[in-house]
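Every read-out reported here was derived from the displayed coordinates using simple, explicitly stated rules and does not represent laboratory data. Since the model is a prediction, treat every value here as computed from it, not as a measurement. Methodologically, a virtual Cβ is constructed for each residue, glycine included, from the backbone with ideal geometry; neighbour enumeration extends over all protein chains shown.
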Ligand code: NAD
């Protein structure tokens, strides 16, 4: 399924349904939401704000935002959707009733996923008329940021449906993990529940407070988990002999009665009071919204850090960004007259792009120009394949002039003129105009050098980039030099 286009319906708009709404809207989908709770629209709108804030920090890759629509009935929400995600409360009887209703009102070709944390898909699909299009897509909170989604089919789910669901989730930046066998709690929640049981015992037996349990995770194993999970970490812990040595050394300890995994402390009122009071003290007066933002900012920092390391969720993010850039280039109008400056990129000054002067910061002007260069390169045929096999461009010199103000939420559009191109060099001039007034607000001149994919040294462009660049350069050869081209810092206006 492509990144935009398909309509999505969300049935249930709580913590998880709102999180799905955030991820989908940030990827250009229009979502129709049904939730009978009177506060659901307010709550989902808050989640959408959180998601927008998070994605504007997570990536600079260009994205189109979709819209959220709230519906008065389930039938209205699912009527024209190609993909439906159910996120109602975790009760089998209720979910089966809701799924039967979705099944009755949805298009016959619509895919239907459930966010259930652990109910078996075979049981959930049992009463459906078209059970083959049903599967579990179990996400993690916050759904708009955490990439994992466990995908599990039931006895009657078709393989084609599972393949389409995996592709759909991957298209919105997720890491779909296909669960090999239907099992209560799937993979991730079985692991989480084991940890949670043990954590409750440690607090129950006064071995540690809630904060101390959390410290034991976040200063140690938690940092490793984001990078390598459990098996890879223990492989390293085995030293040069790896996993076999680790198993020989620490395997026997599994038989010692360290853990209380088969048991759970009695959840008496006094035990719940104890946990709640320790948790209040631990939160230090921060509201849930404050904590959500701290959590989101921390997750973003981790994912960006992992991106530099080209590992785990960071590698996923890098690949997703590459596809977003490519999609934005493909979405650009291709029918433009090459003899005129090309309009390939536009943006809106997001609230967090604005500085203390209440206008767009210098860095964001540069970002918009850099995104415009990327849009131009995609326009001339620079794909992921080209970058991997042929080469890429390095920007070696730029000169930017800031001529007018752009305030928060104001739109800009940029045109690109090719001043000159030879087999290795590409000389571009971008003009940024205010999207409402048309005023010229900035210009930027760029010299790019084409480099070979392997040697990273300058090398001639290859097809299809070389031919398209040459055609545009020839078509624009008679355009007048733009005012400001060739200027140096400090030249008189
Ligand atoms: P929630 O209580 O926050 O939200 C459930 C929502 O469903 C509520 O807003 C409620 O009004 C709505 N609802 C009730 N009856 C409905 C109906 N007939 N039709 C449509 N909506 C209805 O719960 P949640 O945490 O969002 O969990 C939803 C699902 O996601 C559950 O299956 C849960 O197991 C799963 N899940 C939860 C988490 C988590 O961390 N909270 C993580 C992964 C998966």
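A few remarks follow.
- Cα long-axis angle, helix 362-379 against the chain (0 to 90 degrees, to the nearest 10): 80 degrees
- With respect to the chain, whose longest principal axis is taken over its alpha-carbon atoms, helix 288-309 is tilted by about 60°.
- Remark: the residue 75-residue 183 segment gains 35.8 nm on full extension, using 0.36 nm per residue and subtracting the alpha carbon distance.
- DSSP beta bridges in the chain [antiparallel fraction, %, rounded to 5]: 65 percent
- The sum of -39500 (n - 2.57) across all DSSP H runs of n ≥ 4, divided by the residue count of the chain, sets its helix-only mean residue ellipticity at 222 nm to -13000 deg cm²/dmol.
- At R0 = 45 Å, FRET efficiency that the Cβ-Cβ distance of residue 249 and residue 291 yields, to 0.05: 0.70
- Each part gets one Cα centre, and for segment 243-266 versus segment 363-428 those centres are 56 Å apart.
- Both the radius of gyration and Dmax for segment 81-169 are 11.9, 34 Å, in that order, over alpha-carbon atoms.
- Ordering of 482-492, 55-65, 387-397, 466-476 by packing is 55-65, 466-476, 387-397, 482-492, highest average first (other Cβ atoms within 10 Å, averaged per residue).
- The label-point distance for residue 335 and residue 67, in a model that sets each label 7 Å from Cα toward Cβ, rounds to 2.4 nm.
- Binned Cα-Cα distances of segment 127-197, short to long, each 5 Å bin given as a whole percent: 3, 16, 25, 22, 19, 10, 4, 1
- C-alpha long axis of helix 269-283 to longest principal axis of the chain, angle in °: 20 degrees
- Rg followed by Dmax, in Å, when the chain is reduced to its Cα trace: 26.5, 83
- Where only C-alpha atoms are counted, convex hull volume of segment 326-454 per residue in Å³: 119 Å³
- Based on Cα contacts under 8 Å between residues 6+ apart, segment 1-93 shows a relative contact order of 43 percent.
- Å³ per residue enclosed by the Cα convex hull of segment 96-244: 160 Å³
- Largest first, the three principal axis extents of the alpha carbons in segment 347-395 are 44, 18, 13 Å in whole numbers.
- Simple spin-label estimate for residue 235 and residue 452 in nanometres, 7 Å along Cα-Cβ: 3.3 nm
- Relative contact order, percent, the chain [alpha-carbon distance under 8 Å, six or more residues apart]: 10 percent
- Exposure proxy for 201, 353, 196: other Cβ atoms within 10 Å of each Cβ, ordered fewest to most, give 196, 201, 353.
- Two-site FRET efficiency, residue 198 against residue 224, from Cβ-Cβ distance with R₀ of 25 Å, rounded to 0.05: 0.90
- Note on residue 394 and residue 93: the model spin-label points, each 7 Å out from Cα along the C-beta direction, lie 6.8 nm apart.
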